[in-house]
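Let me begin by presenting the structure, written as structure tokens, before commenting on it.
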Amino acid sequence: MPDRVPVIVGTGLSDYPQAPHLDGVQHHAQAMQRALADCGVAKDEIDGYLDAGGGGMMIDDAVTMAEYFGIDHRYIDGTMTGGSSFEFHVQHAAAAIRQGLCDTVLITYGSDQLSRMGRGLGTGGLGRGVKRFAGPQQYEAPFGNSLVGSYAMAAQRHMYEFGTTSEQLAEIAVGVREFAGLNPRAMYREPITVDDVLASRLIADPLHKLDCCVISDGGGAIVMTTAERARDLRQPPVYVLGAAGAQTHWNISQMPDFTDTAASRCGPVAFGQAGVTPADIDTIQFYDSFTITVMLLLEGLGFCARGEGGAFVKEGHLRRGGDLPLNTDGGGLSSSHPGMRGIFLLIESVRQLRGQAGEAQVPDCELALACGSGGWLSCIGAVILGREHP
Amino acid sequence: MSKPFWEAASRGQLLIQRCPSGHRQFYPRAVCIVCGDDPEWEAASGRGTVHTFTVIRQNHARPFRDELPYVVAMVELEEGVRMMGNLTDCQLDEVHIGMPVEVHMIEAEPDVGVPFWRPAAGGPGTRGATA
């Protein structure tokens, strides 16, 4: 009986954080070439393909990209849950591999967001006229909310309910910046302090500029296959031990509880599949669109009790040398955020588990948790990856 | 689906939905999100409290860039549903979670009223321009 345990064998990142020589589709392509070269899989072996689109170009949906790449798929998936899409993709690909629906899976993402649209994007709004907006957006568009504003409303409520402070949120940005200093490709590498974060201008109260992720270009690709096939490949396999996703809303005005995300639903499922607890995790790669995103994921996944995220981050767990280093590539807050960053979380987890993270390497890294947040704290995907299979 | 809401708003009336079992919801949909039954329109009180909010200080899109800074709030109606809205007629530093607010309609374009919010009568607001 062949061993159909799903593993990640190849990863590739396209040029980032700024790559004016690439369009969105070219980011997909470059990342794919690098992921295949990483593991030694040939392109014609790929029989499963997953792509969320969302790179800002109309032609990067899954079926169009499969045609573009020349992939004769037996399994295809275009699930789009915003920045967490790729954590959902790993869940789906793992199931498909176990079921024998396909053997060798490619997941890609690419975006030229910075080069194409520039830095105004993150706070960009829509016009007031309601007649131009169909569906739920007509009930939000008239009010000039921004992307940052949606997360700011969650931060404001967290502060109100639990006494969380701007200093505590800033601590997250400071720690991630420290890791960015170790990544030659990170967009911002100079160390910052809590005071620097608080002194940066408010974008949407209570979030400051340095509470917000960067805007970049970039893309990534992942190759998954069976543990059996992985034995003949270039890289040590990284095992998918648990993968789960959940959704509470899509539009921010429908968020049922501004201090609780779907992480509290999908976290226990992922931990249960892996047979581990938060205390066993060696590094976390979390979606850090904003500092509050990280805090809500920490609480939702059970790394600390609900409402205690502020005190938890102040204890230094997430910093370099801490027992739960966060976003060791510099994260979205300092390194890169091409719009939907979830694939970077998985790729950095793999780098840590292979022991290939250089100065940022977490000692004895056996278990990593990648957790993506898509939309406006809407769709959460948690993936637990391990160096060994139990 | 949305036409009755916007037409009512242009007449100064705020509508939400309520199904035969009493589940209320906003935004309007063709089904009740609790039980799947048919929702009907119901006039809301127009009174609520600020559940959470932010002060938008950067937005490049018109017309909002000309109105900065302004408050975007999630207002929890007395009926229990929440809706997004702008808060006017008060100073920015007066806005707080739990603040009582009441609706007032702005005619954003012909025949389309948009619900805005201001401090409830007797509340802490001061009349005048939004800060």
Problem - Cα point-scatterer Debye curve for the stretch A:1-112, base-10 log of I(q)/I(0) at q = 0.10, 0.18, 0.21, 0.22 Å⁻¹ - result: -0.26, -0.87, -1.19, -1.31
Problem - Summed buried accessible area for A+B [probe radius 1.4 Å, Å², rounded to 100] - result: 3300 Å²
Practice task
Go through the stretch A:148-162 residue by residue and turn each phi into a ³J(HN,Hα) via Karplus (6.51, -1.76, 1.60, θ = phi - 60°); whole Hz please, and just put x for glycine and proline.
Solution key: 4, x, 5, 5, 4, 5, 5, 5, 4, 5, 5, 5, 5, 7, 10
Fill in the blank from the handout: Scalar couplings 3J(HN,Hα) for the stretch A:208-225 by Karplus 6.51 cos²θ - 1.76 cosθ + 1.60 (θ = phi - 60°), nearest whole Hz, x for Gly and Pro, are 8, 4, 7, 7, 10, 5, 6, 10, 9, 8, x, x, x, 9, 10, 10, 10, 7
Problem - Residue-normalised accessible area of the stretch A:1-110, expressed per residue, 1.4 Å probe, Å² - result: 38 Å²
Exercise for the section: Please state the charge dipole magnitude for the protein assembly as shown, taken about the Cα centre, from unit charges on C-beta atoms (+1 on K and R, -1 on D and E), reported in debye and rounded to the nearest 20. Expected result: 560 debye
Handout entry: Accessible surface of A:Y68 - all protein chains present, 1.4 Å probe, nearest 10 Å²
Key = 130 Å²
Exercise for the section: May I ask you to find the residues of the stretch B:71-112 that are shielded by at least 50 Å² of accessible area once the whole protein assembly is considered instead of their isolated chain (probe 1.4 Å)? Expected result: B:M74, B:R82, B:M84, B:I97, B:E109
Practice task
May I ask you to derive the FRET efficiency for A:H21 and B:D66 from their Cβ-Cβ distance with R0 = 41 Å, giving the value to the nearest 0.05?
Solution key: 0.65
Handout entry: For the stretch A:31-42, Karplus couplings with θ = phi - 60° (6.51, -1.76, 1.60), whole Hz, Gly/Pro x
Key = 5, 4, 4, 6, 5, 5, 5, 4, 9, x, 7, 7
Practice task
Over the stretch A:155-245, average the accessible area per residue using a 1.4 Å probe and give it in Å², no decimals.
Solution key: 37 Å²
Exercise for the section: Please name the residues of the stretch A:147-188 whose accessible area, counted over protein heavy atoms with a 1.4 angstrom probe, falls by no less than 30 Å² between the chain alone and the full protein assembly. Expected result: A:M153, A:Q156, A:R157, A:Y160
Practice task
Treating the Cα atoms of chain A as identical point scatterers in vacuum, please give the log10 of the normalised Debye intensity I(q)/I(0) at q = 0.07, 0.13, 0.14 Å⁻¹, two decimals.
Solution key: -0.28, -1.01, -1.19
Fill in the blank from the handout: So the carbon and sulfur contribution to the accessible area of the protein assembly as shown, 1.4 Å probe, in percent, is 50 percent
Handout entry: Candidate aspartates and glutamates for bridging to A:K209, where Cα separation is under 15 Å - those fewer than 8 sequence places away on the same chain excluded
Key = A:E167, A:E171, A:D195, A:D196, A:D288
Problem - Protein-only accessible surface order, largest first, of A:M153, A:M187 at 1.4 Å - result: A:M187, A:M153
Exercise for the section: Considering only DSSP beta bridges where both residues belong to chain B, give the percentage that are antiparallel (nearest 5). Expected result: 95 percent
Practice task
Quick one: which residues, 5+ away or cross-chain, put their amide H under 5 Å from the amide H of A:N327? H built at 1.01 Å from N.
Solution key: A:I284, A:Q285, A:F286
Exercise for the section: Please work out how much accessible surface A:E388 shows to a 1.4 Å probe, ignoring ligands, DNA and RNA, in Å² rounded to 10. Expected result: 120 Å²
Practice task
Would you grab the residues whose amide H sits under 5 Å from the one on B:V101? Only those 5+ places off in sequence or on another chain, please, with H modelled 1.01 Å from N.
Solution key: B:G48, B:T49, B:V50, B:A120
Handout entry: Kirkwood estimate for the stretch A:123-239, i.e. one over the average of 1/r between Cα atoms, Å
Key = 17.9 Å
Practice task
Determine how many Å³ per residue the convex hull of the Cα atoms of the stretch A:179-291 encloses.
Solution key: 189 Å³
Exercise for the section: Please give the net charge around A:Q91, taking every other residue with its beta carbon less than 13 angstrom from that of A:Q91, where Lys and Arg add +1 and Asp and Glu add -1. Expected result: -1
Problem - Net charge, A:L202 excluded, C-beta distance under 11 Å - Lys, Arg +1, Asp, Glu -1 - result: +1
Fill in the blank from the handout: For peptide B:58-69, the mean count of other chain Cβ atoms within 10 Å per residue Cβ is 6
Fill in the blank from the handout: Sorted by accessible surface (1.4 Å probe, heavy atoms of the protein chains only), largest first, A:R74, A:R387, A:R157 come out as A:R74, A:R387, A:R157
Practice task
Sort A:D103, A:D51, A:D205 by accessible area with a 1.4 Å probe, largest first.
Solution key: A:D103, A:D205, A:D51
Exercise for the section: Compute, for A:D38, the solvent-accessible surface of its heavy atoms (probe 1.4 Å) with the complete set of protein chains present, and express it in square angstrom to the nearest 10. Expected result: 30 Å²
Exercise for the section: Would you mind working out the accessible area per residue for chain B, using a 1.4 Å probe, and quoting it in Å²? Expected result: 45 Å²
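The values are calculated or read from the model by the stated rules, or taken from the named source; none is laboratory data. This is a predicted model, so every value here is computed, not measured. Methodologically, a virtual Cβ is constructed for each residue, glycine included, from the backbone with ideal geometry; neighbour enumeration extends over all protein chains shown. Accessible surface is based on the protein model in full, side chains and every heavy atom, while ligands, DNA and RNA are left aside. Shrake-Rupley method; radii C 1.70, N 1.55, O 1.52, S 1.80 Å.
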